[in-house]
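K.L.:
Here it is, the structure, as structure tokens.
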Amino acid sequence: MIDVKVADWVGTVQVPDFAALTRYDAAFAWELRDTVVALADDSEVKVIVLRADGGDFAPDVPDASPPADRSATWRRVFAGAKGLYQSLAFCKKVVVTEVDGACRGAGSALVLCSDLTVAAETSSFGSPFMTTPEANFVLAALTMRLNRAKAWAVTGDVLDAVRAEEVGLVNQVVPGTALRAEVDALAARVTAMPLDGVTMSKMLLQAVLDAHGVGRDFDLATHYAARRRRAEETEAGPR
Amino acid sequence: MRVKRWGTPDSLAVANQQVLYDVDGAGVAYITLNRPEKHNALSVPMRERITELVAAADADDDVRVVVFRGNGKSFCSGNEINEEWGQRRPHERRRTLDVGYRYGADMAWGRLGFSQAISRSDKVTIAQLHGYCAAAAYFMIACKCDLVVAARDSRIGALEARFLGPAGAAASVHINRILGMKAARRTGFTAKPMSGTEAYDLGLVYRCVPAEELAPTTRRIAGEIAARPAGALDFLVARLRAAEGLMDTSVPAITGLLVSHFLQPAPEELDFWRTARQVGVGGALDADKARKGAADPRAGKEPGS
């Protein structure tokens, strides 16, 4: 299900789509996490590209809900310091997300955790904060600015690609036919950086993100998930 | 022992009429500033009333969204600065830091204050801006709300910075997070207001519309948010409030208070207060425009003197 290729300093992770994360597929998430960590540890890799080849980066999952219990698996795979999202946000290599089509739920959480994002003109971005309590709001506020992130969360607005670029959620919007080539070109530019320079910069960035509260927001994922479960109990399925 | 209620007898008596409250059938509460003859300038009792109304809205399960708006030409020109509310005792030339600290910590800047009542509300908060949204209305209401809907020709910003100093606008964490650091410093260090359009481009404003569309647009947005399932909305607001706490967006800008305090004897502020007392705040602002720049205390002195 997860196809990995390493060439010319770029580790490319290719899947049909990332909606399995919104469905809380722990096996998929852990395999993806292991793949990211392994690529980060690979001295022949400077850039990690997350790519979906099924048309949509992460289609909507209408009945998505976090696990009903506070399982050790959920903590380890999704919410913990060694889980998927923190492995990406604090990755020691540059992470690029390549977004085509719909990007919803956990897909947007991946975009927030990545360093660079290139999007197709037809792509669109939904807020991850209802479906994915592990999604990091501080990253959204730092990326888009505070009020835009708040509006994205409470209105349920879906941002088209142009607006996503305007607010800073994506770096570049390109025609869908050029998406893969543009991502490859961007990754190639990053590979021109010295390996230690990339790694040291990402280590420094970790301290900067933590100073702004990113790590503390991740630490509260259990609290957020509990609040969300309570919301579900208040009414059948908060959407 | 009862806590003193600050304010003049007049301002205390009319506060309930100067801040109106109503809840529509769609779960939206409206807090309407109603002092149009003063561009809705906030007296101390008005701020206290807003704090109490937000608490009432927070406790009301039927309320999902709180909208702040103003009657008349402007949303709000900021705090009423031409008001004796007990901040200075008769024998004192200026207010003491002790009283000034109460003003800052309890009403303006601090964790227990007026702006915290808005920024920590359990409900989604929306500011509906038209005309002037200046000074305290800018950084204590608009910048503390979750969403801002503005008329295109609004004038939004720290207009008070020219005589009270730019600390609040330039150094407040939440404004830097909303506008970005360069824009936050520009609003503080120049006191130049933003139009609604510019505030949209910078990220403060969620929707920017012609003035005639402002009220219906705000009502529609508030209604759409209020229509979301209550549990979901409660979760999202709690989620945002926790993250904002982590980001220290409610750090008390005590430095701003101190800067304001120590500026009191500065020539610009003394001139401003004197003029405001004689001809009103509007006249003092007009007089301020005619001033070419801040006085340099070294002017006219020989080097080394």
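The values are calculated or read from the model by the stated rules, or taken from the named source; none is laboratory data. Keep in mind it's a predicted model, so treat the numbers as computed, not measured. For neighbour counting, all protein chains shown are included, and Cβ atoms are generated from backbone atoms with ideal geometry for every residue, glycine included. Accessible surface is based on the protein model in full, side chains and every heavy atom, while ligands, DNA and RNA are left aside. Shrake-Rupley method; radii C 1.70, N 1.55, O 1.52, S 1.80 Å.
K.L.:
In sequence order, what are the phi-derived ³J(HN,Hα) couplings for the stretch A:157-166 according to the Karplus relation 6.51 cos²θ - 1.76 cosθ + 1.60 with θ = phi - 60°, rounded to whole Hz, with x for glycine and proline?
P.N.:
4, 9, 8, 6, 4, 4, 5, 4, 6, 4
K.L.:
Between residue A:7 and residue B:153, what is the spin-label point distance in nm, taking each point 7 Å from the Cα along the Cα→C-beta axis?
P.N.:
Result for the modelled spin labels: 6.0 nm.
K.L.:
Which FRET efficiency value, to the nearest 0.05, is calculated for residue A:193 and residue B:271 with the Förster distance at 41 angstrom and r the Cβ-Cβ distance?
P.N.:
On the way: r = 56 Å, r/R0 = 1.36.
So, using R0 = 41 Å, E works out to roughly 0.15.
K.L.:
For residue A:224, tell me the accessible area in Å² from a 1.4 Å probe, rounded to the nearest 10.
P.N.:
0
K.L.:
Next question. Starting from the amide H of residue B:155, placed 1.01 Å from N in the peptide plane, find each other amide H under 5 Å away whose residue is 5 or more places distant or on another chain.
P.N.:
The list, which skips near neighbours in sequence, is B:131, B:132, B:133.
K.L.:
Under the classification rounded if a/c is under 1.5, otherwise prolate if a/b is larger than b/c and oblate if not, where does the stretch B:135-178 fall, given a ≥ b ≥ c as square roots of the Cα gyration tensor eigenvalues?
P.N.:
oblate
K.L.:
Sorted by accessible area with a 1.4 angstrom probe, largest first, how do A:131, B:190, A:155 fall?
P.N.:
Working: A:131 10, B:190 75, A:155 30 Å².
The residues order as B:190, A:155, A:131, largest area first.
K.L.:
Something else now. With r defined as the distance between the Cβ atoms of residue B:181 and residue A:163 and R0 fixed at 22 Å, what FRET efficiency is calculated, to the nearest 0.05? List each step's numbers first, then the result.
P.N.:
On the way: r = 23 Å, r/R0 = 1.04.
Result of the calculation: an efficiency of 0.45.
K.L.:
Also, I was wondering about something else. Taking both sides together, what accessible area is buried at the B/A interface, probe 1.4 Å, expressed in Å² and rounded to the nearest 100?
P.N.:
Details: alone 15050 and 10830 Å², together 22820 Å².
Summing both sides, the interface buries roughly 3100 Å².
K.L.:
Please compute P(r) over all alpha-carbon pairs of the stretch A:124-237, binned at 10 Å starting from zero, and give each bin as a whole-number percent.
P.N.:
Spelled out bin by bin, the stretch A:124-237 gives 12, 30, 35, 18, 4, 0 percent.
K.L.:
Where both residues lie in chain A, what percent of DSSP beta bridges are antiparallel, nearest 5? It would help to have the intermediate numbers written out before the result.
P.N.:
Details: 8 of 29 bridges.
Roughly 30 percent of the beta bridges in chain A run antiparallel, per DSSP.
K.L.:
Identify which of A:59, A:128, A:194 has the largest mean-square fluctuation in a Gaussian network model of chain A, with springs joining Cα atoms closer than 10 Å.
P.N.:
Fluctuation is largest for A:194.
K.L.:
Let me ask something else about it. Taking 0.36 nm per intervening residue step and subtracting the Cα-Cα distance, what contour gain separates residue B:5 from residue B:20 on full extension?
P.N.:
Length gained, residue B:5 through residue B:20: 3.4 nm.
K.L.:
Under the rule of at least 5 residues apart or a separate chain, name every residue whose amide H is placed under 5 Å from the amide H of residue A:58.
P.N.:
Long-range HN contacts for residue A:58: A:18, A:102, A:103, A:104.
K.L.:
Based solely on its DSSP helices, what 222 nm [θ] is calculated for the protein assembly as shown when runs of n ≥ 4 H residues each add -39,500 (n - 2.57) and the sum is averaged over all residues, nearest 500 deg cm²/dmol?
P.N.:
On the way: 24 runs with 244 residues, N = 544.
Rounded to the nearest 500, the figure is -13000 deg cm²/dmol.
K.L.:
Keeping every protein chain in place, order A:121, B:160 by accessible area at 1.4 Å, biggest value first, i.e. largest first. Intermediate results must be reported in sequence, preceding the final value.
P.N.:
Values: A:121 110, B:160 25 Å².
The most accessible residue leads, giving A:121, B:160.
K.L.:
Which percent of Cα pairs goes in each bin when the distances of chain A are cut into 10 angstrom slices starting at zero?
P.N.:
Bin by bin from 0 Å, the calculated values are 8, 34, 40, 16, 2, 0.
K.L.:
Taking the full set of protein chains and a 1.4 angstrom probe, give the accessible area of residue B:122 in square angstrom, rounded to the nearest 10.
P.N.:
Estimated to the nearest 10 Å², residue B:122 gives 90 Å².
K.L.:
With r as the distance between the Cβ atoms of residue B:13 and residue A:63 and R0 = 56 Å, compute the FRET efficiency 1/(1 + (r/R0)^6) and round to 0.05. Could the numbers behind the result be given before it?
P.N.:
On the way: r = 56 Å, r/R0 = 1.00.
Once the sixth-power term is evaluated, E becomes 0.50.
K.L.:
Where in the stretch B:153-192 does the amide nitrogen come within less than 20 Å of the point 7 Å from the Cα of residue B:287, taken along Cα to Cβ?
P.N.:
Label zone hits: B:159-165.
K.L.:
Once each part is reduced to its C-alpha centroid, what is the distance from the stretch A:171-217 to the stretch A:1-56 in angstrom?
P.N.:
Here the answer is 15 Å between Cα centres.
K.L.:
Which residues in the stretch A:97-112 place their backbone N less than 17 Å from a point set 7 Å from the Cα of residue A:25 along the Cα-to-Cβ direction?
P.N.:
What the label zone holds, given the 17 Å backbone N cut-off, is A:102-110.
K.L.:
Further, regarding this structure: Using only the alpha carbon atoms of the protein assembly as shown, find the Kirkwood hydrodynamic radius as the inverse mean reciprocal pair distance, in angstroms to one decimal.
P.N.:
Details: mean 1/r = 0.0400 Å⁻¹.
When all Cα pairs of the protein assembly as shown are included, the Kirkwood radius is 25.0 Å.
K.L.:
Note down the nm distance, to one decimal, between modelled labels 7 Å out along Cα→Cβ at residue B:227 and at residue B:211.
P.N.:
Going from the residue B:227 label point to the residue B:211 one covers 3.0 nm.
K.L.:
Let me ask something else. With a 1.4 Å probe and all protein chains in place, put B:144, A:92 in order of accessible area, largest first. Mind dumping the intermediate values first?
P.N.:
Working: B:144 20, A:92 80 Å².
Result of the area sort, largest leading: A:92, B:144.
K.L.:
Which whole number gives the average count of other chain Cβ atoms within 10 Å of the Cβ atoms across peptide A:137-145? Please report the intermediate quantities before stating the final value.
P.N.:
Numbers: counts 8, 5, 1, 2, 8, 2, 0, 1, 9.
That average works out to 4.
K.L.:
For residue A:193, what accessible surface area do you get with a 1.4 Å probe? Give it in Å², rounded to 10.
P.N.:
Taking all protein chains as shown, residue A:193 has close to 100 Å².
K.L.:
Still on this model: What distance in nm separates the simple spin-label points at residue A:233 and residue B:37, each placed 7 Å from Cα in the Cβ direction?
P.N.:
It is 5.5 nm.
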